[in-house]
Ligand SMILES: [Zn+2]
């Protein structure tokens, strides 16, 4: 088993890491427990949040151990890490600190460098998709200042440095320390965890297969949508460009918009051409509303309008306004009958910004997929390649086998999202699609297909046959036309 162990006071961080582990390794391979009930005799992979009074000697030979957050002095000695006893991260680093990631034998981080925080659009969106690393002693913060020759990721700012990740191969165990309680849950570098658990020293240590974030048989998967906060019909020229490229098109609709029969016909035209329609709430309130009841009304009413008035049946999925989701909004969406939602943003609700799609913290059944890449005229670069950041975002997704999603908005007389003309916008979209298509076997799907795949992934269990080959069992009815795949020791099985 993969066992996550935490202190009772770290249960919030533990839920976030637990669901991240489930998204990659499937529910049946992961369990969560606390240090006071710890059983470490069983061979397995152990994740420990803020471990205290623990020695690696307690764990059996052939096990793998991942330490998250604060480690104590004894463990630091065991790992040859020099802890700074007095300095706090915020005395050392600001949001401009950079982490450099170094490759190890069989693994290269898809993102070799990142700042703690970055934005492409006013303190809100990070088109490279990752979440914020903080210095505030929260679960999103660097936990300690430390130095070690075993570092494989190092933080630096001006002349100050600290370890972010250390890596230790002992004769009969391997161990990783990530200097943040939630580890790598909110960036593509999460795939390091999948590598470490599934393939590192496969012949000598315990390993477990993980679920691929993209369907079986493809090298990449991509979905897009426009969030219709303004005029729905203004999406038509871009939709036609996508049709010419044979790329599915999706629209998320704010249902309080004034609409006509022409809008309704247009939505059916999108659906009939292989696209998808999603809810984008009624009134576009932050977090769907000021409390659970407000959020529930928004979620329910927009679903009813899309199903009854627009005849989009069933209306399964939503895109959260501003990508803002508090736990009550997520619970309201689930109770209003949604199966999943798109969210994930660096500015707020970090627990719902996830490296992988599927199960989410503090909810039972509803799934989510993070799509933070906003293709807007005001985010294009003025020098060299205007699409450079977007291409980098796709490259990160491609190398980490992350299901990639991006968004834009329709025009309106009020707001054009930085696009100068429709032609300029269409050209940028086409250029971006052609860049993604230059890779082989890239699957383009609509947002419903993306989220249906994530539902199957969250319902998948991983079992092993007599030859230790992984087998996938779905414990619910299959929703997606695509199949889930797993990887063990760099081999893919489906
Ligand atoms: Zn919106």
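Each reported figure results from applying straightforward, stated rules to the coordinates on display, with no laboratory input. Since the structure is predicted, the reported quantities are computational estimates derived from the model, not experimental observations. Here the Cβ positions follow ideal geometry from the backbone for every residue, glycine too, while neighbour counts run over all protein chains shown.
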Helix 388-400 axis, angle to the chain major axis (alpha carbon atoms, nearest 10°): 50
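Please pull out the direction-averaged projected area of the chain, using the convex hull of its alpha-carbon atoms, in nm² to one decimal place. If you can, show how the numbers build up before the last one.
Values: hull surface 92.1 nm².
Seen from a random direction, the Cα hull of the chain projects 23.0 nm² on average.
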For segment 220-451, share of DSSP beta bridges that run antiparallel, in % to the nearest 5: 5
Segment 174-220 and segment 114-155: distance between their alpha carbon centers, rounded to Å: 19
Beta bridges by DSSP in segment 2-208, antiparallel share as percent, to the nearest 5: 50
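If you rank 488, 315, 226 by fewest surrounding Cβ atoms within 10 Å, what's the result? Write down the numbers at each step before the final one.
Values: 488 20, 315 23, 226 26.
Listing 488, 315, 226 from fewest to most nearby Cβ atoms yields 488, 315, 226.
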Proxy reagent accessibility, fewest Cβ within 10 Å first, across 335, 263, 227: 335, 263, 227
Linear extension gain, residue 124 paired with residue 399, 0.36 nm per residue minus alpha-carbon span: 96.5 nm
Degrees between helix 236-245 axis and first principal axis of the chain (Cα, 0 to 90, nearest 10): 60
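Run the numbers for residue 335 and residue 91: contour at 0.36 nm per residue of separation, minus the present Cα-Cα distance, in nm. The partial results should precede the final answer.
On the way: separation 244, 0.36 × 244 = 87.84 nm, distance 4.40 nm.
Answer, rounded to one decimal: 83.4 nm.
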Stretchable slack from residue 364 to residue 82, in nm (0.36 nm times residue separation minus alpha-carbon distance): 97.4 nm
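Could you sort 122-132, 300-310 so that the peptide with the highest average Cβ count within 10 Å comes first and the rest follow in order? Let's see the in-between values first.
On the way: 122-132: 19.9, 300-310: 17.8.
Highest mean packing first, the order is 122-132, 300-310.
Hey, with R₀ at 35 Å, roughly what FRET efficiency would residue 489 and residue 57 work out to, going by the Cβ-Cβ distance, to 0.05?
0.80
Rounded to the nearest 5, what % of DSSP beta bridges with both residues in the chain are antiparallel?
In the chain, approximately 45 percent of DSSP beta bridges are antiparallel ones.
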Fewest-first sequence of 194, 311 by Cβ atoms within 10 Å of each Cβ: 311, 194
Principal-axis tilt of helix 11-25 within the chain, Cα atoms, nearest 10 degrees: 80
Hypothetical label at residue 283: residues of segment 306-336 whose amide nitrogen lies under 18 Å (7 Å Cα-Cβ projection): 306, 320-326, 329-330, 332-333
